[in-house]
1. Could you check the range 135-145 and list, in sequence order, the residues that are more than 11 Å from the ligand (Cβ to nearest atom) and open to solvent by less than 10 Å² (accessible area, probe 1.4 Å)?
2. Of all residues in the range 131-150, count the ones that are at pLDDT below 85 and of a type in the set (D, E, K, R).
3. Can you report the number of residues in the range 161-179 which are in a helix (DSSP H, G or I) and either within 12 Å of the ligand (Cβ to nearest atom) or more than 18 Å from residue 14 (Cα to Cα) (or both)?
4. Output the number of residues of the range 26-50 satisfying the condition of being touching a Phe, Trp or Tyr at 6+ places or on another chain (Cβ under 6 Å) and more than 15 Å from the ligand (Cβ to nearest atom).
5. Look at the range 76-99 and say how many of its residues are within 16 Å of the ligand (Cβ to nearest atom) and either open to solvent by 30 Å² or more (accessible area, probe 1.4 Å) or in a strand (DSSP E or B) (or both).
6. Could you count how many residues in the range 9-39 are over 26 Å from residue 96 (Cα atoms), among the β-branched types (Val, Ile, Thr) and not in a helix (DSSP H, G or I)?
7. Tell me, please, whether a residue that is of a type outside the set (D, E, K, R), surrounded by 14 or more Cβ atoms within 10 Å (Cβ to Cβ) and under 17 Å from residue 156 (Cα atoms) can be found in the range 45-67.
8. Condition first: touching a Pro at 6+ places or on another chain (Cβ under 9 Å) and either basic (Lys, Arg) or not in a helix (DSSP H, G or I) (or both). Now tell me which residues in the range 40-52 satisfy that.
Amino acid sequence: MRIGVDLDDVTAVCAVPFLRTFAAEFGLQLPAEDVGWHTLRDITAVSGEDKDRFRIRLYDGPFFAQLEVYGDAPNVLERMAGAGHELFYITARAEKQRYVTETWLREKGLMDHAKAVHLRPRRDFDPSNPPGRYDASSSARYKVRLADELGLEAFCEDDEVIGRALAESGIHVWLFDQPWNRDLAHANIERVVGWGDVARALALSSGDGPLR
Ligand SMILES: [Mg+2]
């Protein structure tokens, strides 16, 4: 099976460290639980322009290089590749993040499991997107287009807008359960709590898996 794999909040733990850094910068108190992208959206004490400036500065620094990997991702991705599935890392991160992204994938032992790493070209960003808002609809168009070009049958994703767009285009979505995507349901969407569920859905054998 040809499978797209999102990075942030599917493979890399991203929203929580982002929000913690954001809260520290602006002197804000985060909720005790279920912190995520919806938390950032609901913060009105910081303007959209300031949210944008913060994000651009953070992403141009060591943020992506320092993200933790979800604990069972390396093992399951290795077993998926070992079972003959063709994996494509597909992220809405900008193309200029390729070096830091690929270095991180190598450090975490994830690079060898994929056929390719796709980041979003500059032309795929929407300049009319309102300040401070994550540009989910142009990310969705980008991922749907790539999924079509690459002939993907399934996709590991957490974003609500992207997950819905992929599902509506006929792709089976393993939607990684996050507090910001709980409203999403579709016939092509299978909610998973983590990589163990993907391994079970693909009936991967535990342990080392078959020889490549
Ligand atoms: Mg994501």
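The values are calculated or read from the model by the stated rules, or taken from the named source; none is laboratory data. As the structure is a prediction and not an experimental result, all values here were calculated from the model. Please note: Cβ atoms are built from the backbone with ideal geometry, for glycine as well, and neighbour counts cover all protein chains shown. Side chains are part of the model used for accessible areas, which takes the heavy atoms of the whole protein and leaves out ligands, DNA and RNA. Shrake-Rupley method; radii C 1.70, N 1.55, O 1.52, S 1.80 Å.
1. The first filter runs over the range 135-145 and keeps only residues more than 11 Å from the ligand (Cβ to nearest atom), leaving 135, 137-138, 140-142, 144-145.
Correct list: 138, 140, 142.
2. Residues meeting the conditions: 2.
3. Let us first name the residues in the range 161-179 that are in a helix (DSSP H, G or I), namely 161-168, 179.
Add one more test, that the residue is either within 12 Å of the ligand (Cβ to nearest atom) or more than 18 Å from residue 14 (Cα to Cα) (or both), and what stays is 161-168.
Qualifying residue count for the region: 8.
4. Taking the range 26-50 first, the residues touching a Phe, Trp or Tyr at 6+ places or on another chain (Cβ under 6 Å) are 36-38, 46.
Subset that is more than 15 Å from the ligand (Cβ to nearest atom): 46.
Residues in the range 26-50 being touching a Phe, Trp or Tyr at 6+ places or on another chain (Cβ under 6 Å) and more than 15 Å from the ligand (Cβ to nearest atom): 1 in total.
5. Pass one, the range 76-99, residues within 16 Å of the ligand (Cβ to nearest atom): 77, 87-94, 97.
Retained after the next criterion (residues that are either open to solvent by 30 Å² or more (accessible area, probe 1.4 Å) or in a strand (DSSP E or B) (or both)): 87-94.
The total comes to 8.
6. 1
7. Here is the first cut: in the range 45-67, the residues of a type outside the set (D, E, K, R) are 45-48, 54, 56, 58-59, 61-67.
Imposing the further condition that a residue be surrounded by 14 or more Cβ atoms within 10 Å (Cβ to Cβ) reduces the set to 46, 54, 58-59, 63-64, 67.
Still in the running and under 17 Å from residue 156 (Cα atoms): none.
Within the range 45-67, not a single residue is of a type outside the set (D, E, K, R), surrounded by 14 or more Cβ atoms within 10 Å (Cβ to Cβ) and under 17 Å from residue 156 (Cα atoms).
8. 47, 51 - these are the residues of the range 40-52 that are touching a Pro at 6+ places or on another chain (Cβ under 9 Å) and either basic (Lys, Arg) or not in a helix (DSSP H, G or I) (or both).
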